[in-house]
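Below: the structure, in structure tokens.
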Amino acid sequence: MKFDTISKVWANLNKDAKIIIISEFDTDRWEIAEKIKHDNQSLVSDIKLLDIAAKDYEKHIYALAENDLLIVMLTIKSFMEKGYGEIFSPFSKQAELKSKYIFIRLDIPEKALLSGLNTDFNKVEKIVADIKALQNGTKVRVTTDKGMDITTCINYQDAFAYDTRALGGNAFLPPSEVACEVFEDSTNGTIVADITAGEFRIRSELIDELGIVDEPVIIEVENGLVKNVSGGKMAERLKKCFAMLSSEHHVVVELGHGLSDIEPTGIIGVDESMNGTCHIGIGNRELYHLDVVIKDPKITVID
């Protein structure tokens, strides 16, 4: 597997296109960016790797044309603490930027990034089409062999952009998810998270990273609100996190579906992108949003 799928698949670049990669020197992101540069340099007319801290990148990126590409690769720390998140967004590009724009998921491990970028494009398209076929207002049942059994009602759903084939397009890569917002009082039943839980932040403050579960985390939900959490050590940690906020904040707000060929990493922002999984989002977004990831869900429409 190589990183050349960026040019060949996700950006669909012509040979005369140019690429600029913005990253941060002396971080593991820079090392991966160098590999991306190497794997794509024979496919385009020019490719540059620029240090975001040098602050001289603007004249270069704003000179890019619609069929060129800007790639942004940053760490969570620099994105949140150095103000880079105010400059580059995962989900949209600057109005002044004419080129195609790809934002690489923060802190994603190299192996997961490489695997995700080598996911079959048609496979991603099919998952998106299947989930988007669920109309707003649809009531669904989600079950697994591990005992998960919930019903919920979809308010609306959307897929995070996953390719920049159109001129001037933008994408969040590797392909991440189709997120279905659910009506906040509509979820009932038992969630059984058997892959990953976390992370738990109150606003920007990290309370607990959580991670890969030691044993399934069982979350009982009634009329959209979490009523009980049980399981192993991870469940106990999650229970302590929930206890920091009043019960009205423990509301189920999302049913998401992953899109990429990725193995579990323990990093929730990566693991929620795994195809063959769904994730349940809990929390008042003004304070926190926590996801738990579930393997091999079966989704049934309820008439």
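The values are calculated or read from the model by the stated rules, or taken from the named source; none is laboratory data. Source: prediction; values computed, not measured. So basically every Cβ, Gly included, is an ideal-geometry build from the backbone, and we count neighbours across all protein chains shown.
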Out of (1) of a type in the set (Phe, Trp, Tyr); (2) over 27 Å from Glu199 (Cβ atoms); (3) under 17 Å from the mean Cα position of the chain (by Cα), the one Phe88 does not meet is (2)
Please give the number of the condition Gly85 fails out of (1) surrounded by 14 or more Cβ atoms within 10 Å (Cβ to Cβ); (2) farther than 22 Å from Ile268 by Cβ.
(2)
How about segment 251-286: which of its residues are touching a helix residue (DSSP H, G or I) at 6+ places or on another chain (Cβ under 6 Å) and either at pLDDT below 95 or hydrophobic (A, V, I, L, M, F, W, C) (or both)?
Leu259, Ile262, Val270, Asn284
Out of Leu245, Leu225, sole residue that is more than 24 Å from Thr119 (Cα to Cα), aliphatic (A, V, I, L, M), modelled with pLDDT under 95 and outside the structural domain of Ile76 (by TED's automatic domain parsing)
Leu245
Quick one: which of Gly269, Gly281 is outside any strand (DSSP E or B) and surrounded by fewer than 22 Cβ atoms within 10 Å (Cβ to Cβ)?
Gly269
Quick check: anything in segment 161-180 of a type in the set (Asp, Glu) and farther than 30 Å from Ser7 by Cα?
no
Those residues of segment 224-254 which are in a strand (DSSP E or B) and acidic (Asp, Glu), in sequence order
Glu254
Out of the strands (runs of 3 or more DSSP E) lying entirely within segment 115-208, which hold 3 or more residues that are buried (at least 16 other Cβ atoms within 10 Å of the Cβ) and either assigned by TED's automatic domain parsing to the domain that holds Pro90 or touching a strand residue (DSSP E or B) at 6+ places or on another chain (Cβ under 7 Å) (or both)?
139-143, 149-159, 170-173, 177-182, 188-193, 196-198
Kindly provide the set of residues from segment 13-46 that are under 23 Å from the mean Cα position of the chain (by Cα), surrounded by 19 or more Cβ atoms within 10 Å (Cβ to Cβ) and of a type outside the set (A, V, I, L, M, F, W, C), ordered by number.
Ser23, Glu24, Arg29
